[in-house]
Amino acid sequence: MKQAYAWSAIAAIVLASTTGDVLLSRAMKQVGDVGELWRQSGIWTVLGRMLRNPNFLLGVLAMTTAFYSLLFGLSWGDVSLIAPASASLTFITNAIAAKLFLHERVDHRRWMAALLVAGGVVLLAA
Amino acid sequence: MTFRKYLVLAGVTLCASIGDSLLSRGMKQVGSISLNHFSDLILAVLNPSVALGILLLLGFFASYMIALSWADLTYVLPATSLGYVLLTLIAKFFLHETVTTSRWIGVLLISAGVGFVTQGPALTHNPAKCQEAASEPASARNQP
């Protein structure tokens, strides 16, 4: 039963953090280069643009969900299963989601990077 | 990619890895939380390690947002995964933990992944930039 709890926590973390990453990435592209914007119009303009962006707010909501799922998961299951499994799977689901929803050019180099990092994270926990 | 941008990526890496390890330590001190005592989860932030961990994760979030404003998601995520390597090195050289062969292989895989992605372009799709590029003369775009 504990195992089922752990894996549902992992599924929740992966789903929520992928959704969050995609929404936040889209929001920040809409906001524009923060460094440039900051120099031109100041920090309040940057923060104002971020906080008025619906994708940003939804992204933060998704990230909060992921964060609390992680806290729940860590208190139930082994940290050595939950942390690497969710981190590793998130690299792969993010590559897929970035290609589908953000239209990023995920070429061989980026697939290799995502898979190598995902594999490496699993091995670190072994 | 400028030096400043690499500094932002370093900020993402450092804050995430140190923040996560503090949270992990803090939640172990807090102990198991059951669904029936949901309020325990909110009270967990009173633990110093959890509080400091959350502070660092806020720093992570700020630098992560800055990075995402000029780089692809599939660039930022692998590029900042060096934090895992960093944690292993800290475990080995500062905490004198034994690092097994499979962990060293994991470190190698992650480093290779970071190497792969950082050799490519940081940004491949940006609707705003795409429009700018389309309005530029073709000769300007073809220059390396």
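The values are calculated or read from the model by the stated rules, or taken from the named source; none is laboratory data. Keep in mind that what you see is a predicted model, and the values were worked out from it rather than measured. Positions of Cβ are generated from backbone atoms using ideal geometry, with glycine treated the same way; all protein chains shown enter the neighbour counts.
Annotations for the structure displayed:
Condition check ((1) hydrophobic (A, V, I, L, M, F, W, C); (2) under 30 Å from B:D40 (Cα atoms)) across all residues:
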| position | (1), (2) |
| --- | --- |
| A:G32 | no, no |
| A:V60 | yes, yes |
| A:L70 | yes, yes |
| A:W76 | yes, yes |
| A:A98 | yes, no |
| A:L115 | yes, no |
| A:A125 | yes, yes |
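- Residue in the range B:20-29 that is buried (at least 16 other Cβ atoms within 10 Å of the Cβ) and over 24 Å from the mean Cα position of the chain (by Cα) present: no
- Qualifying helices (runs of 4 or more DSSP H) (wholly inside the range B:1-84; at least 1 residues being of a type in the set (K, R)): B:3-30
- Residues that are at the interface with chain A (Cβ under 10 Å from one of its Cβ atoms), at pLDDT 75 or above and surrounded by 15 or more Cβ atoms within 10 Å (Cβ to Cβ) within the range B:30-55 comprise B:V30, B:A44, B:V50, B:I54, listed in sequence order.
- Listed by position, the helices (runs of 4 or more DSSP H) inside the range A:25-126 whose residues that are within 19 Å of B:L57 (Cα to Cα) and among the β-branched types (V, I, T) number at least 3 are A:54-76, A:79-101.
- Matching entry among A:D107, A:D78 (being more than 21 Å from B:Y75 (Cα to Cα), out of contact with any strand residue (DSSP E or B) (no Cβ under 7 Å at 6 or more places or on another chain) and either more than 10 Å from chain B (Cβ to nearest Cβ) or not hydrophobic (A, V, I, L, M, F, W, C) (or both)): A:D78
- All positions within the range A:110-124 that are more than 8 Å from every other protein chain (Cβ to nearest Cβ) and of a type in the set (G, A, S): A:A118
- Residue ID - farthest from the chain's Cα centre (by Cα), chosen from residues in the range B:59-107 that are among the β-branched types (V, I, T) and closer than 18 Å to A:A114 by Cα: B:I105
- When we screen B:V8, B:V12 for residues that are surrounded by 15 or more Cβ atoms within 10 Å (Cβ to Cβ), of a type in the set (V, I, T), within 10 Å of chain A (Cβ to nearest Cβ) and closer than 20 Å to B:L77 by Cβ, the only hit is B:V8.
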